[in-house]
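A quick write-up on the structure given underneath.
The values are calculated or read from the model by the stated rules, or taken from the named source; none is laboratory data. The shown structure was predicted, so the numbers you read here are calculated from the model rather than taken from an experiment. Cβ placement follows ideal geometry from the backbone for every residue including glycine, while neighbour counts extend to all protein chains displayed.
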Amino acid sequence: MKIMLPAAGKGTRLRPQTQTKAKSLVHVAGKTVLEHIIGRLNQLPASEYIFIIDENGHQISEFMESRFPSLSCRYVVQMEQKGPAHAISLATSFVEQGEDLLIVFNDTIFDTDLSLIDDHCAGCDGLIYSKEVEDYQRFGVNVVRDGVIIEMVEKPDTPVSKLAQVGLYYLRDGADFMRYLNQTILDEDMVKGEYYLPAVFMRMIRDGRKFKAPEIDAWLDCGKPETLLETNSYLLIGRHHIHGVAIDSVLIEPVHIEQGAVVRGCILGPNVSVAAGSIVETSIIKNSIINGKSHVRNMILQNSILGDAVHLISSARRMNIGDHSSIELQSG
């Protein structure tokens, strides 16, 4: 099996966190997004991981070499942003005849048992993993009949289906899929100047290929600040881990303090993660992510994300307040 991870997107919806780093290297619940994803893929017998990267992809290659040196990785650069299907097509020559292929987009952390791939794929040509959602109008959805996908609709106005595609695809014959993908590009079958996967899959379905839509247990979006914080809260459930140093502090579960982080005189939690190298002092913080090598002092924070090497220092206020006063200090 080959595992392909398209990681060339700029992550504009997550800025400023992605201003200087790849979006898959943003921290959530004590690990980078990429670490969470690789941890879920490690159970599979992959012969190679193929990363589709942009001109700044050296961050990903350096990270993989440092954290997962035993994995065989290949890096393919997408210089022009022409959509996800175009990105995948750049690795055509590395998917050999008869190899199965798993495609995993890197702004989503998923919970599902990938050891069941063979069981799910019995009698069909591939899997397009899905999750039932209420806001189906925001996604491409799979329309299923008799257990197989018969149609894909992008952002439907009516509830033809609530099974949203989650960015996780399995192809029993990777080379066959790549042939259809490249024909789609040759035919310039694009939407708003970019190439997308539904056009490829619909060609395959019309030619008799069968795809199922197994539903995953959890779909954890890391593409926007608000969803990143939601994912942080979800992943911290049952993971109250203090690997760093916590001195004279109250920790309201769940809190994750990485080894090498120092928390002193604080009230932290719930749903706070502090990355290695950070120092947090005399602060009250909840539902927030503090990335590495940051220094926070005398702050009250909630629903916040601090990037790497952030210095956020305040001081106590001095007040002389008369009787019957009403004072509200509102955050921005």
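Numerical summary
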quantity	calculated
Positions within segment 138-161 being of a type in the set (S, T, N, Q), outside any strand (DSSP E or B) and surrounded by 14 or more Cβ atoms within 10 Å (Cβ to Cβ), in sequence order	Ser161
Residues of segment 23-55 classified as under 13 Å from Val104 (Cβ atoms) and of a type in the set (A, V, I, L, M), total	9
Subset of segment 37-79 [of a type in the set (Lys, Arg) and under 26 Å from Ile216 (Cα atoms)]	Arg40
Segment 16-35, subset within 23 Å of Ile237 (Cβ to Cβ) and among the hydroxyl-bearing types (Ser, Thr, Tyr), residue modelled with the highest pLDDT	Thr32
Number of positions in segment 191-223 that are surrounded by 16 or more Cβ atoms within 10 Å (Cβ to Cβ), under 24 Å from Ala7 (Cα atoms) and either in contact with a Gly (Cβ under 7 Å, 6 or more places away or on another chain) or basic (Lys, Arg) (or both)	3
Residue within segment 188-196 that is without any contact (Cβ under 8 Å) to a residue 24 or more places away in the chain, more than 26 Å from Ser24 (Cα to Cα) and outside any helix (DSSP H, G or I) present	yes
Test: residue in segment 259-271 that is part of a loop (DSSP other than H, G, I, E, B), modelled with pLDDT under 90, surrounded by 17 or more Cβ atoms within 10 Å (Cβ to Cβ) and in contact with a Leu (Cβ under 9 Å, 6 or more places away or on another chain)	yes
Selection from segment 108-124 of residues that are of a type outside the set (A, V, I, L, M) and either surrounded by fewer than 20 Cβ atoms within 10 Å (Cβ to Cβ) or under 20 Å from Asp157 (Cβ atoms) (or both)	Asp111, Thr112, Asp113, Ser115, Asp118, Asp119, His120, Cys121, Gly123, Cys124
Any hit, segment 105-112, residues being touching a residue at least 24 places away in the same chain (Cβ under 8 Å) and in a helix (DSSP H, G or I)	no
